[in-house]
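Notes follow once the structure below has been shown.
The values are calculated or read from the model by the stated rules, or taken from the named source; none is laboratory data. All values reported here derive from a predicted model rather than from experimental measurement. Here Cβ is always computed from backbone atoms with ideal geometry, including for glycine, and neighbour counts include all displayed protein chains. In case anyone asks, the SASA skips ligands and DNA or RNA and just uses the protein heavy atoms, side chains included. Shrake-Rupley method; radii C 1.70, N 1.55, O 1.52, S 1.80 Å.
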Amino acid sequence: MTTNQDSAGTVALVTGASRGLGLALARELGRRGARVGLVAREAAALTEAVARLRAEGVVAEAIVGDVGDKRAIHPIAHQAAALLGPVDLLIHNASTLGPTPLRLLLDTECEDFERALQVNLLGPFRLSKVIAGAMALRGRGTIVHVSSDAAVEAYPRWGAYGASKAAQDHLSRTWAAELEGTGVRVLAVDPGEMDTQMHADAIPEADRASLADPADVARAIAALVHDPAARSGDRVRAEAWREGRR
């Protein structure tokens with residue numbers, strides 16, 4: 001395993017980490033020396049993902065939990081601390097599109113809209129609320145919210161997802177304002193369009209060759225996390241960071 005030790009000694013917690021960008025982030029951070037907690041709902045897929053990372057030399061732990069369920073938040077945080085130690089880097093990657101094919105708002109069930117908010121907005125709020133205080137007491141830490149261009153552009157049929165991501169962007173800025181001076185940075189990052197199952201579910205007709213590799217995006221986000229030019233409260237595009245260069 002080729003390593004870059006800029007994350008040595010760091011404990012990272014990544015949600016939605018059994019596949020796609022979340023798994024790529026866990027792998028990249030682990031290769032850089034972090035001890036990584038992977039959070040996902042499906043135990044079998046998560047166990048398989050962690051086994052693959054361990055085979056590559058990554059220190060990884062599986063934490064089964066649904067961030068959209070408020071009863072799961074404290075168990076997720078407690079398991080992370082017990083298995084790995086205090087969390088230094090929290091990445092809110094877990095997301096749901098809602099039902100696919102995507103629907104117009106007029107055809108969206110209230111319960112489906114509510115679920116998007118639970119996973120994409122309330123879950124990150126609740127998990128940050130549990131972890132950010134300890135970060136502030138230690139005087140260091142980074143929280144990353146994975147955003148989307150749907151947070152800033154109004155796309156037909158993306159209403160529930162887009163609204164939840166727009167609110168998450170503002171949540172990120174507010175956390176940054178309230179944690180100013182504590183040593184805790186809070187960032188939002190738009191990863192761009194990637195070759196993931198979520199993208200395939202949303203736009204099945206897309207040309208996969210035109211989409212970014214999640215591994216490349218993960219490298220950019222890891223560079224962002226370690227770049228002092230990334231200021232708390234920023235919302236950035238992952239493609240603007242390539243191995244520490246803007």
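What about A166, is it under 28 Å from L104 (Cβ atoms), touching a helix residue (DSSP H, G or I) at 6+ places or on another chain (Cβ under 6 Å) and open to solvent by 30 Å² or more (accessible area, probe 1.4 Å)? Walk me through it before giving the result.
Details: under 28 Å from L104 (Cβ atoms): yes; touching a helix residue (DSSP H, G or I) at 6+ places or on another chain (Cβ under 6 Å): yes; open to solvent by 30 Å² or more (accessible area, probe 1.4 Å): yes.
When the stated conditions are applied, A166 passes them.
Taking the conditions exactly as written (open to solvent by less than 10 Å² (accessible area, probe 1.4 Å), among the β-branched types (V, I, T) and assigned to a helix (DSSP H, G or I)), does I63 satisfy them or not?
On the way: open to solvent by less than 10 Å² (accessible area, probe 1.4 Å): yes; among the β-branched types (V, I, T): yes; assigned to a helix (DSSP H, G or I): no.
No: the conditions fail for I63.
Any idea which residue in region 1-27 is most open to solvent (accessible area, probe 1.4 Å), counting only those that are modelled with pLDDT of 95 or more, more than 15 Å from V225 (Cα to Cα) and outside any helix (DSSP H, G or I)?
R19
Could you look through region 190-200, keep only residues that are surrounded by 13 or more Cβ atoms within 10 Å (Cβ to Cβ) and of a type outside the set (A, V, I, L, M), and pick out the one that is modelled with the lowest pLDDT?
Checked region 190-200; the qualifying residue modelled with the lowest pLDDT is D195.
Only one of L179, L171, L187 is at pLDDT 95 or above, buried (at least 17 other Cβ atoms within 10 Å of the Cβ) and under 15 Å from A238 (Cβ atoms). Can you tell me which?
Result of the check over L179, L171, L187: L187.
Any residue that is open to solvent by less than 30 Å² (accessible area, probe 1.4 Å), under 17 Å from V130 (Cβ atoms) and assigned to a helix (DSSP H, G or I) - is there at least one of those in region 28-35?
no
Does R140 satisfy the criteria of being at pLDDT 95 or above, open to solvent by 20 Å² or more (accessible area, probe 1.4 Å), basic (K, R) and under 24 Å from A220 (Cβ atoms)? Show your work before the answer.
Working: at pLDDT 95 or above: yes; open to solvent by 20 Å² or more (accessible area, probe 1.4 Å): yes; basic (K, R): yes; under 24 Å from A220 (Cβ atoms): yes.
Judged against the criteria, R140 is a match.
List, please: which pairs have Cβ atoms under 7 Å, are six or more places apart or on different chains, and start with a residue in region 209-232 that is open to solvent by 40 Å² or more (accessible area, probe 1.4 Å) and end with one that is among the hydroxyl-bearing types (S, T, Y) and modelled with pLDDT of 95 or more?
Listed pairs, sorted by first residue: none to list.
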